[in-house]
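Trainee: Structure in structure tokens, see below.
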Amino acid sequence: MPPAGPVSLATPVEDLPGVTPRRADLLRALGITNLGWLVAHLPTRFERVEPQAPISSIVPGRVVTAVGEVAATRPVRARRPRFEAVLTDGTGRLDVVWFNQVFLADKILPGMRLRVEGKASSRHGGVQMANPRWSIAPDEPPQPADGPHPEASASGEPAGSYLRPVYPASESLSSAEIRRIIARVLPLALPRIDDHLPPDFRSPRSFPELRDAYRMQHEPRDEDEAALSRRRLAYDELFFLQLGVHLKRAHLREALRAPALPISPALDAHIRARFPFPLTPAQDRVVREVAADLATTTPANRLIQGDVGSGKTFVAAYAMLQCVAAGHQASLMAPTEILAEQHAASLSRLLAGSRVRLALLTGSTPPTERASLLAALASGALDILVGTHALLTEGVVFKSLGVAVIDEQHRFGVHQRARLRATATDDRSTPHILVMTATPIPRTLGVTLFGDLDVSTIDQLPPGRSPVETRVFRGSLRDRVYAEVAARLAKGEQAYIVVPAIEGDDDPAGEAPARDTPLRDVRTVLAELEAGPLAGFRLAALHGRLARDTRDAVMERFRLGSIQALVATTVIEVGVDVPNATVIVIEQADRFGLAQLHQLRGRVGRGSIPSSCLLVADPATPEAELRLRAVASTTDGFALAETDFELRGPGELFGARQSGLPPFKVADLMRDRELLALARRDAAEWVRRSPRLDRPDEALLRRRLLKAYGPSLGLGDVG
Ligand code: ADP
Ligand code: MG
């Protein structure tokens, strides 16, 4: 259908030439609604297509087009029904086979001239082609219908081999059809693509102009063009994200103010006196970094990363006390109720006898208690509020929130930080934000997702820790594992036994796809152990489906030692701290992610007795095997995070959904590390020169940035 008006990138697909209503529907099903999206539908790879070649010259492994006479045919109605044909062209013989297409016997007849296109393979010394595309060839060899792009074929030279893009397609719309549609409309689209990057920015980086980059993706003259244009488009994705992150950061630093929380030597000494231990040198360094941040009105936005057990809680406590001393309030948000309760308990111990008033708010806080707590919060009668996501709910208003600490960042996304900021009373003020994570973030990824955060690292464990020894056992050696546990319990030590399910068929770990092996569950394993290898010891179950009171009681009895071993799900993953627990068994360890295994292992090794982590698994995939081997080989969380990233990619590691950011279409964080570094430097420099992105020549860049990341990064308020 001819376009109704002038074509633009916003022209709907159904108004484009060559797009039938049916095709338009199929394109829309792929998320392609208009010309712009069509051009942005990039190939996932390229295949080199040889020109129509004499059969004798066909090289196995290449995609080729051949024309020949059908010398013989044979329908085979056997176990693998197929249709076979022999093609000859005077130079050689090509065996062609179409599986499951016996009906071709009615269409392809001996004596016809046939054109086939597909990947050649070698077979019985000759060449074969399986399931090629085919058409009946006219007598004169024509230009290849799906051949090189116009410029090349117009040149009059004999067409050489060429690169053909392969597009993401659907069952009903093939890559070839998409290719034909794009080839038809590309000349309409390219002149309308304006570049958001100026020439003097592009040329030192060897970036093609944007419209050329799209041309090179859809009609690459050679591999260099395909690579060059991919690099430009991948850069754009990375650059937009970095630009968004840096703009947001500049905005926070310039437009928003946080309360200044001064620190003096006297206050410093006063706070430290509350801690039962001297800070480790690493804690000390991070405390200084944080304290300096908080002392100014520039809102802090800092990530504190430290391996499990490195003592992040004291750093948070220090910051909160610095805040309270200055007459403001502080909050600490944890990802689970157990963890929030534990934080509240340990902070209360730290604050025993002081005038600091602390409360806990979670989803299970009774309404009346919640009401009086919120009133105290609004009036300033409360100094520190510890809680879960409940802190972000309607009605939670601080009189003056000075510091907001978020524990275990990987469970929270960019959104939550924005939401937290919004709890400030007016729109110009914000709390200082500290984010603590024990899941070390691979440097590459940290820079991408948390590029707006300053980073402090606690790279040292408190003294007196003995490293945890990790061993992997096959399921058949389970008896040996529990004999070891029994020996520990007999000596008065304690144990965790972690399994992937609560009862029967559920999969709270959610890590692995469903498999035939049934999941080991809390109920069954507890019964098994009580009746067998751990008979006579005091065991209990702990999982997320227990009532909060029951869970608290179990945890408390475990802490006191009256329960010797906990059979639990991953509810114990983060934060639980019982130094007398010296062994952790993880059943079906291949069902857990690498970061999760590392977290779980962090539950032991918290006292002076050497601890063990015993992984029981019969890994079903090589990847699971690698994961287990990685965990067993190092206790360095940073090294593991990098391995995890390499094995599973960023989406898996963080949960792309949790990050709240749109996924990249072109860029690949593993492969494009250097490009990412470049994009990051460029974005920082750009924002330094133009912190509001409001110069007239930046209008296009700005518009595209807001479209890509406005909602997810909360850029709406940037200028
Ligand atoms: P994480 O970084 O995993 O949150 P925690 O803050 O829970 O670590 O601390 C882990 C354990 O180490 C706790 O029992 C805590 O009391 C202890 N701890 C923290 N800092 C020190 C220190 N400087 N000296 C000795 N023990 C410490
Ligand atoms: Mg912690």
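Trainee: In whole percent, how big is the carbon plus sulfur part of the accessible area of the chain, probe 1.4 Å, protein atoms only?
Mentor: On the chain, the fraction of accessible area on carbon and sulfur atoms equals 54 percent.
Trainee: Further, regarding this structure: Can you give me the three principal axis dimensions of the range 269-331 from its C-alpha atoms, in Å, biggest first?
Mentor: That works out to 30, 24, 19 Å along the principal axes.
Trainee: For residue 665, list the lysines whose Cα falls under 30 Å from its own Cα; do not include residues on the same chain fewer than 8 positions away.
Mentor: Reachable lysines: 119, 248, 707.
Trainee: 222 nm [θ] for the chain, helices only, -39500 (n - 2.57) per DSSP H run of 4+, per residue, to 500?
Mentor: So the helix-based figure for the chain works out to -11500 deg cm²/dmol.
Trainee: A follow-up question, please. Considering only 699, 275, 65, whose Cα is most displaced toward the positive end of the charge dipole of the chain, charges sitting on Cβ of Lys, Arg (+1) and Asp, Glu (-1)?
Mentor: Farthest towards the positive pole: 275.
Trainee: Using C-alpha positions alone, give me the convex hull volume of the chain per residue in cubic angstrom.
Mentor: Cα convex hull per residue, to the nearest whole number: 211 Å³.
Trainee: In debye to the nearest 20, how big a dipole does the chain give about its Cα centre with +1 on each Lys and Arg Cβ and -1 on each Asp and Glu Cβ?
Mentor: 580 debye
Trainee: For the chain, with every protein chain kept in place, what is the accessible area per residue (1.4 Å probe, Å²)?
Mentor: 44 Å²
Trainee: Does anyone have the angle between helix 337-350 and the longest principal axis of the chain? Alpha-carbon axes, 0 to 90°, nearest 10?
Mentor: 40 degrees
Trainee: For the range 157-306, give the magnitude of the charge dipole about the Cα centre (Cβ charges: +1 Lys/Arg, -1 Asp/Glu; no others), in debye to the nearest 20.
Mentor: I would put it at about 580 debye.
Trainee: What angle, in degrees between 0 and 90 and rounded to the nearest 10, separates the Cα long axis of helix 637-654 from the longest principal axis of the Cα atoms of the chain?
Mentor: 50 degrees
Trainee: In degrees between 0 and 90, to the nearest 10, how far off the longest principal axis of the chain does helix 223-255 point, with axes built from Cα atoms?
Mentor: Computed tilt is about 30 degrees.
Trainee: Report, by chain and number, residues whose modeled amide H sits under 5 Å from the one on residue 257, excluding near sequence neighbours (fewer than 5 apart, same chain).
Mentor: Amide H neighbours of residue 257, under 5 Å, 5+ apart: 429, 430.
The values are calculated or read from the model by the stated rules, or taken from the named source; none is laboratory data. Only a predicted model underlies this, so the values are computations on that prediction, with no experimental measurement involved. FYI the Cβ positions are ideal-geometry reconstructions off the backbone, even for glycines, and counts take in every protein chain you see. Quick note on the areas: whole protein, heavy atoms, side chains included, nothing else; ligands and nucleic acids left out. Shrake-Rupley method; radii C 1.70, N 1.55, O 1.52, S 1.80 Å.
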